[in-house]
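Before any comments, here is the structure.
The values are calculated or read from the model by the stated rules, or taken from the named source; none is laboratory data. If you're wondering where the values come from, they're calculated on a predicted model, not measured in any experiment. Note that each Cβ is placed from the backbone with ideal geometry, even for glycine, and that neighbours are counted across all protein chains shown. The accessibility values were calculated without ligands, DNA or RNA, using every heavy atom of the protein model including side chains. Shrake-Rupley method; radii C 1.70, N 1.55, O 1.52, S 1.80 Å.
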Amino acid sequence: MKSEGSSPEIPQGGWIWIDMSAESPTAIVELCSAFDIPKSFIDEALAEASLPMIEERREIIYVVLNAFRSTSEGRLAPSEVDFFLGPNFVISVHEGDIVSTTTVQERFDQGIGLTVPTPSGLLAQLAMVGSRRLPGLIDQLEGKLDVLEELAMAADARALNEVYALRRDVIVMRRVLVPQRQIYDELAEPGGHPLVDEDSRREFERVADYQAQVLESLETARSLLGSVLETYRGAVADRTNEIIRVLTVFSAILLPLTLISGIFGMNFVDIPLADHEYGFWIMVGAMALLAGVLWYYFGRRRFVGTPRLSDLPKAVGLGIYQVGTAPIRAVAEGIGSTIRLVTGNQDDRDGEGDGGDY
């Protein structure tokens, strides 16, 4: 039987489940006090969100588990669920709707009972339902990894931001699931607390094994995120090296041209070709020819792409324009890449919304 936020009588020879969702602290204290729950347990339940834990007394077991919610930013956040397990009652306290409690209630409405019809069996059933939601989270994470890999190969700054966000989600899940699995292991121990019957112990053992598999999947996802991060850093390093190489080549080409123009710009009277009718154009042509020779040389050394003979007339025709503007274009591309790296905008993430449960 389930009752929400009330204190009904316990059926003769049976037990009761009371689920308190978004109830006031006063109502929680009154209900728990009616079932002789220790004040320390009540204070812990009313405190700020806690990591999974278990405390045992002779007539009661207090368990704190965590479910996962989706925030408005599309990130994972743990949501505390407190359970008070007694010989003939189970009280669950949480904020908002929780998938596990909602699912089990729907099963009751459909006439589907518990695998183990005891208070500890109910707790085991709720734990299993919550654990079965976890592979869906892992699948979503792995689906995002495929997209991130493509962004990382392209040195897109969005990959870096998303990798760090997903790594945070993985850390949040591990921080919850590791102690939670230890709780299930403790509840599954033979000869443990008398409130946990043998059938329920077997169910808790199944839950612990299931969460062990989930943790292995999390470790794999964590390794893949590290690989994507290394891929992104390598792609950024390659792009940076390419920009530096192009700028170096153009600097090497412009250096002798600058030297020549500096020599012929000195304030002397007898400068060669100074009085020649076509002296200026001769020097411009010689400098363009020198720039073409240097470009061809660097192309042959594979510092830049080797110019093709079919493109040579066009290159000569553009002449000074290409030589003068290429460094500017290269610098502009470098500045643009740096800006995208620092302030790259993120795509709108899937899953942003009303902060529902996972």
Where the stretch 164-225 is the region considered: accessible area per residue in Å², 1.4 Å probe
51 Å²
In nm, give the distance between the simple-model label positions of Asp238 and Glu48, each being 7 Å from the Cα along the Cα-to-Cβ direction.
4.5 nm
5 angstrom amide H check on Gly74, placed H, neighbours 5+ away:
Gly353
At a probe radius of 1.4 Å, what is the per-residue accessible area of Ser200, in Å² to the nearest 10?
0 Å²
Solvent-accessible ranking of Met287, Met173, largest area first, probe 1.4 Å
Met287, Met173
If you take the square roots of the eigenvalues of the alpha-carbon gyration tensor of the stretch 59-121 and sort them as a ≥ b ≥ c, do you get rounded (a/c under 1.5), prolate (a/b over b/c) or oblate?
oblate
Probe 1.4 Å, protein heavy atoms only - accessible area per residue of the stretch 1-133 in square angstrom:
45 Å²
Theoretical FRET efficiency, 1/(1+(r/R0)^6), r = Cβ-Cβ of Tyr297 and Ala165, R0 56 Å, to 0.05
0.75
The stretch 227-275 shape via C-alpha gyration tensor axes, a/c threshold 1.5:
prolate
Of all the accessible heavy-atom surface of the stretch 50-139, with the other protein chains kept in place and a 1.4 Å probe, what percent is carbon and sulfur?
49 percent
Accessible surface ranking that places the most exposed of Glu277, Glu142 first, with a 1.4 angstrom probe:
Glu277, Glu142
